[in-house]
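In what follows, a structure is listed as structure tokens, so that the remarks can point back to it.
Read-outs throughout are calculated quantities, based only on the coordinates presented, and are distinct from any laboratory measurement. This structure is a prediction, so every number in the text was calculated from the model and none was measured. Heads up, the Cβs are rebuilt from the backbone with ideal geometry, glycines too, and the neighbour counts pull from every protein chain shown.
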Amino acid sequence: MSTITTSAEISDWIVGRIVFYGKVAEGSFTVDTPLSDVGLDSIYALSLCADIEDLYGLEVEPEIFEEFPTIQQLADGLAARLQTR
Amino acid sequence: MTGTLIEMLRSTADRVGDEHGIRFYETREESAFLGYAELDRSSRTMAAALSQRGLVPGDVVVLALNSDLEFIRAAYGALYAGLAIAPAPVSETNAPDVMRARIAEIAAASGARLIISQEAVLDRFRPLPTAESFGSVAVTTVAELRNAGDAKAWTEPAIDEGALATLMFTSGSTGDPKGVVSTHGTLLSSMEALTPSLNGTPDSVIVGWAPFHHAMGFAVAVILPAYLAASAVLTTAVQFQRRPIFWLQLISRHRGTMSAAANFAFALCTQFATDEQISELDLSSLDVIVNGAEPVRTETMRAFLDRFSSAGIRESMMAPGFGATETMLVTMKQLGQKMVVLDFDATALESGTLKPVTKSERSVELVSCGVAGPGCIVAIADPSTGERLADGQVGEIWAAGPNIAHGYWRRPDATAEAFGAHLADDEHDYYRTGDLGALINGEMFVTGRLKDLIIVRGRNIYPQDIEAAAARFHPAVGMGTAFELTGHPADVGIILEVDGNETPLDNAELNTLALNLRSDLVHQFSLPSLAIGFLVAGELPRTALGKVRRAFTRSALENGQLRLVYADGFSPRVQDAARSVAAG
């Protein structure tokens, strides 16, 4: 990639996906809300994995949401991975 | 005479050899192909190995296999030895302890003599399981059986269409597993009943992804393709869940003519497909796409039709159907017809009558789940008196015919409750589905459920099980009621009483309890999500006899009549109400 993807960009994008999944309304959660509280159930967890794979080219499994249980933590984790690859 | 599944596959292999068969996509790019001649050969090999191990016709084997080609090899290998198969739901969960318990439970309940598994499943256990892991029932793998057997040593078992073929265990109450008994004749009759509505021929291309331990997945992937000598293109439920569009891409790529899924799958496709993805799809090859296994919603069907019409989806292809594990599909929209969608008077419906009216604010729209297939008989009966109800009257849906299962394995009590019901004016043995509906000119309109069964993504879950597991989890947790939710972030909700003598009723303590409880229940029951609400002990609605009232509690929740001291996972309205109760 030619540009560095920042954690802030990634977290904005995750917020957009969560709103798109449609289980919670925009503005009803923050980047520190646990992902399990924004409707990220077993299906949407797999969807988010696929979305991460498609956009950032990172292969991830749903276990990643145990390692990084909030949007902020997930964004930081993904940004770190993108930098080291 | 319907014959056996052995005769069916042998005749298919004779007719089409390896020209037709089953293509399985493990990932989006890689697929493997299993032709019918090869499947016939491998079935003879595996059957010979099973007979060598001392298994005899009538014995039961558990299939602890992913929903892949090895499952299909094992299923026919066992059937070729005259054995009955009991699939265990290993593809549904990755939690080894839950998977082990479920396999052991099905092995015990079925009286299985052997468990057939595969490396991919056994590797998920750490340490590797031993025979003791599954109540002393021996474990082997598909690979071992294929190596051990000799196709030439196989002799066809002396069985007929009355021989036991499958025991499909419903996700039934914990410690109370019910294996639905189907014979070779049952399965072949249900295929016969489906064929006209599906336009099934050897040229059919069947596309699917449902897990095989589920009745619909099993029928679509394991039986129907071989029955028709047709081609099948399959993938896993996980691939579908990651990218719902992949299902439609497979139909497009392989010129699929039929597919089937539960209602939620249509909703996910509509939600996730991008304009660019849709522009690359050509779904015009489809004859029929069945919507079954959970209640069919007209708005979902209509949204799917709108979203994918540019890709060639037509209303005539969309086929709502009704069935259960015990019956397979009993009604389905007839081939090439439009969907029958009617508006009914809401007040009349509440009192048990479907009265067609013009659309208004006081009407309810329902889509017909079609008409009974050839050989299938459906009736609407009063669930308390067992009397047949007239057209348009809502009652319990009863089904009869050669496609109906023979009962629950070794469970005469449960069998007598649900099977062998009689109407005064005919001689059929009816199965009571527990679903409510009405017939209008032969069209089946399903209106709800008699039982409080929770259906999540095509899977049946008994609320009693979730409630009992919650009460076992912590001494502070008491009576509870679980039910399906709509319009909340979670799909299933549970309202529980908490005992203030066992735990402080402050928010931090309740929050910890709820988080731990949710993780336990979600894990145990493979729930997609779970909302939890707590009430002070004694406040849960119950009947005069002290039983829980699920439907009542659910509407009390929606109407803001429950004084929840804690809530998590419900709609903002319920959450806010609970916060103000907690604040005091």
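Where the alpha-carbon atoms of region B:367-493 are placed on the principal axes, they occupy 53, 38, 25 Å, in descending order. Between B:T347 and B:T486, the contour length at 0.36 nm per residue exceeds the alpha carbon distance by 47.9 nm. In this simple spin-label approximation, B:A120 and B:R15 carry label points 7 Å from Cα along the Cα→Cβ vector, and these lie 2.9 nm apart. For B:K359, the aspartates and glutamates whose Cα falls under 12 Å of its own Cα, not counting residues fewer than eight places away in the same chain, are B:D343, B:D345. So which aspartates and glutamates pass the test for B:K152, namely a Cα distance under 13 Å, with those fewer than 8 places away in the same chain ruled out? Here the aspartates and glutamates satisfying the reach criterion relative to B:K152 are B:D40. Taking 19 Å as the cut-off, the amide N atoms of region B:456-490 that come nearer than this to a point 7 Å along the Cα-to-beta-carbon line of B:N516 belong to B:467-480.
Counted residue by residue at 0.36 nm each, then reduced by the alpha carbon distance between them, the extension gain from B:D499 to B:T130 reaches 128.7 nm. Here's the picture: a label point sits 7 Å out from the Cα of A:R85 along the beta-carbon direction, and within region B:214-256 the residues with their amide nitrogen under 19 Å of it are B:242-243.
In terms of its alpha-carbon gyration tensor, region B:303-348 comes out oblate; a/c meets the 1.5 threshold, while b/c is at least as large as a/b.
Rounded to the nearest 10 degrees, the angle from helix B:96-110 to the longest Cα principal axis of chain B is 70 degrees.
Based on the alpha-carbon gyration tensor of region B:130-245 and its eigenvalue square roots a ≥ b ≥ c, which shape applies: rounded if a/c is under 1.5, prolate if not and a/b is larger than b/c, or oblate? Taking the square roots of the gyration eigenvalues as a ≥ b ≥ c, region B:130-245 is rounded.
The shape of the protein assembly as shown comes out rounded: with a ≥ b ≥ c from the C-alpha gyration tensor, a/c is under 1.5.
Report the relative contact order of region B:35-173, percent, no decimals, based on alpha-carbon pairs under 8 angstrom and at least 6 residues apart.
Values: 247 pairs, mean separation 48.6, N = 139.
Relative contact order here is 35 percent.
Between B:D576 and B:R388, the simple spin-label model (points 7 angstrom out along Cα→Cβ) gives 5.4 nm. Rg over Rh for chain B works out to 0.97, using Cα positions for both radii and the Kirkwood form for Rh. Restriction of the GluC sites (Glu not before Pro) in region A:1-84 to DSSP coil positions whose beta-carbon has at most 15 other beta-carbons within 10 angstrom yields A:E26, A:E59, A:E63.
In a shell of Cβ-Cβ distance under 14 Å around B:K355, excluding B:K355 itself, what net charge do Lys and Arg (+1) and Asp and Glu (-1) give?
On the way: positive: B:K359, B:R362; negative: B:D343, B:D345, B:E350, B:E365, B:D391.
Around B:K355, the surrounding residues sum to -3.
Between B:A95 and A:E53, the FRET efficiency from the beta-carbon distance, with R0 = 30 Å, is close to 0.80.
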